[in-house]
Amino acid sequence: MKKLILSAVAAAAACATLNASAAGHANAAPAVDPTQMVDAFEATNGKFEGYRRSGAKGICAMGEFVGSAEGRALSTASAFSGTAVPVIVRFSVGGANPKAADNTKSQRNLALQFNLPGGEVWQMGNISAPVFGASSPAQMLGRVESLRPDPATKAADPAKVKAFADANPEVLLQGRHFASQPVPASFGAVNYWGVHAFAFVNAKGEKHFGKWVFEPTGGVQGLSDDEAKAKGASFLFDDLRQRVKDGKVSFHFNLELAQPGDKLDSATVPLPEGRKKVTLGTLKVTSVAEDAGGNCVNITFNPLALPKGVEGSSDPMLSGRAAPYGVSLGRRLSEGSKQ
Ligand code: HEM
């Protein structure tokens with residue numbers, strides 16, 4: 001069996017060996033038809049023609065990323081060369097509603113497409129919680145279906161919601177995180193986690209698994225309940241434009257390195273506290289769309305569109321995302337895509 005070497009970066013801790021069955025693509029989670037998944041999203045969350053079926057309220061921006069020496073030690077990906085690479089950025093509020101309120105304790109998203117030399121792209125969609133609301137596509141579908149409004153009452157059946165959550169308690173973890181945090185003051189002042197493990201492959205062929213988080217260089221900033229109320233339902237876009245004009249929106253791209261035995265196949269289980277964290281580089285947002293246009297509108301951010309030097313883990317949600325994103329993209333393009 002091929003051994004995968006998990007060493008800490010450069011001068012760091014001892015090397016250890018990971019069993020390939022934990023790291024490979026062996027997960028046999030039941031597949032979910034991506035059309036059925038997107039249909040379920042629409043039935044539960046509403047259908048808003050032309051918009052993304054999740055993360056509908058969003059704004060395009062552009063940025064540049066400069067990789068660090070630590071990034072280069074971990075991965076041959078050209079993103080870490082140290083030369084600035086252009087990045088298409090999309091910030092959004094969670095959910096299917098393009099008029100979702102900005103002043104609630106809900107999900108914020110940071111989606112990125114690194115445009116690398118030679119036409120290579122690296123896409124990702126990161127969220128403002130260290131865990132997602134499901135650990136497998138089947139569980140995701142079950143959760144979405146449990147939340148479907150009853151046509152008579154126009155509300156979800158609390159007994160169904162409870163029965164599903166009781167049988168799948170991890171679906172409640174993400175909501176607990178949001179409830180424990182203040183409303184984010186800005187798209188530029190909240191952490192965005194990747195939630196999946198990825199492998200970083202260096203020039204020696206060594207694989208280091210880790211989970212990443214984009215952390216604002218100016219720190220996290222939240223609103224009190226009174227401040228959130230006073231801000232109203234739509235302040236995030238203007239706030240972002242102003243902060244970017246002032247040169248104040250940048251993030252450290254940080255990677256928490258896994259240790260042998262860490263769970264690498266679940267978006268609902270973060271790595272244990274205290275894992276070594278390295279900074280792979282810095283993303284600076286340099287401009288923001290003045291309107292609902294921009295070059296993020298007609299693309300999707302497929303978490304398996306990875307550059308050479310970065311590989312997916314066995315987390316079933318990775319492939320579980322890629323196909324429904326394609327279905328959602330197809331639907332909104334054919335409806336006339338909106339932002
Ligand atoms: C089976 C599980 C999942 C399904 C079915 C799903 C579905 C979707 C769909 C349909 C979209 C809209 C895509 C588009 O039209 O371009 C979307 C967007 C998004 N999803 Fe998921 N998702 C899943 C899991 C996740 C997870 C685990 C994360 C955590 C990182 C995540 C983060 C995002 C983000 C950040 C966006 C917005 C991206 C953008 O700005 O275009 N999703 N999701």
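List the residues whose amide H sits under 5 Å from the amide H of Ala185, counting only those 5 or more places along or on another chain, with H placed 1.01 Å from N in the peptide plane.
When sequence neighbours closer than 5 places are left aside, the close amide H contacts are Gln221, Gly222, Leu223.
Given a Förster distance of 22 Å, report the FRET efficiency between Asp238 and Thr217 from their Cβ-Cβ distance, rounded to the nearest 0.05.
According to the calculation, E is roughly 0.55.
Net charge within 10 Å of Arg148 by Cβ-Cβ distance, Lys/Arg positive one each and Asp/Glu negative one each, not counting Arg148 itself?
-2
About its Cα centre, what dipole magnitude does the chain give when the only charges are +1 on Lys and Arg Cβ and -1 on Asp and Glu Cβ, stated in debye to the nearest 20?
Using Cβ point charges on Lys, Arg, Asp and Glu, the chain gives about 220 debye.
When a/c reaches 1.5 or more, the comparison of a/b and b/c decides; with that in mind, is the stretch 198-339 rounded, prolate or oblate per its Cα gyration tensor?
Note, shape of the stretch 198-339 comes out oblate.
Quick one: net charge of Val249's neighbours, Cβ under 9 Å, K/R +1, D/E -1?
+2
Under unit Cβ charges (Lys, Arg +1; Asp, Glu -1), what dipole magnitude, rounded to 20 debye, does the stretch 187-339 have relative to its Cα centre? Could you put the intermediate results ahead of the total?
Values: 19 positive and 17 negative charges, 78 e Å.
Result for the stretch 187-339 is approximately 380 debye, rounded to the nearest 20.
Among Met37, Asn115, Ala73, flag the residue with its Cα farthest along the positive direction of the charge dipole of the stretch 20-139, charges on Cβ as +1 for Lys/Arg and -1 for Asp/Glu.
Working it through, the farthest residue towards the positive pole turns out to be Met37.
In Å, what Rg and Dmax follow from the Cα atoms of the chain?
19.6, 63
Over the stretch 32-72, consider all pairs of different Cα atoms and compute the Kirkwood hydrodynamic radius from their mean reciprocal separation; express it in Å, one decimal.
By the Kirkwood definition, the hydrodynamic radius is 13.4 Å.
Can you give the extra length, in nm with one decimal, that the chain gains between Leu172 and Arg148 once fully stretched, where that is 0.36 nm per residue apart less the Cα-Cα distance? Please report the intermediate quantities before stating the final value.
Values: separation 24, 0.36 × 24 = 8.64 nm, distance 1.64 nm.
Extra length available between Leu172 and Arg148 comes to 7.0 nm.
Could you calculate the FRET efficiency of Lys99 with Lys308 from 1/(1 + (r/R0)^6), where r is the beta carbon distance between them and R0 is 41 Å, rounded to 0.05?
0.55
Based on alpha-carbon centroids, what's the gap between the stretch 242-314 and the stretch 115-135 in Å, whole number please?
Their Cα centres are 6 Å away from one another.
Show me, for the stretch 82-89, the HN-Hα J-couplings you get by feeding each phi into the Karplus relation (A = 6.51, B = -1.76, C = 1.60, θ = phi - 60°), rounded to Hz, glycine and proline as x.
Rounded to whole hertz, the list is x, 8, 4, 10, x, 9, 7, 10.
Would you mind counting up the charge near Pro272? Only other residues with Cβ under 13 Å from its Cβ, with Lys and Arg at +1 and Asp and Glu at -1.
Here the count lands on +2.
Take Lys162 and Lys276, extend 7 Å from each Cα along the Cα→Cβ direction, and tell me the distance between the two endpoints in nm.
Spacing of the two 7 Å Cα→Cβ label points: 4.8 nm.
Write down Rg/Rh for the stretch 172-232, rounded to two decimals, with Rg from the C-alpha atoms and Rh from the Kirkwood relation over Cα pairs.
1.17
Every number here is computed from the coordinates shown, using simple stated rules; none is lab data. Every value quoted in this text rests on a predicted model; they were computed, and no experiment measured them. Using ideal geometry, Cβ is built from the backbone for each residue, glycine included, and neighbour counts are taken over all protein chains shown.
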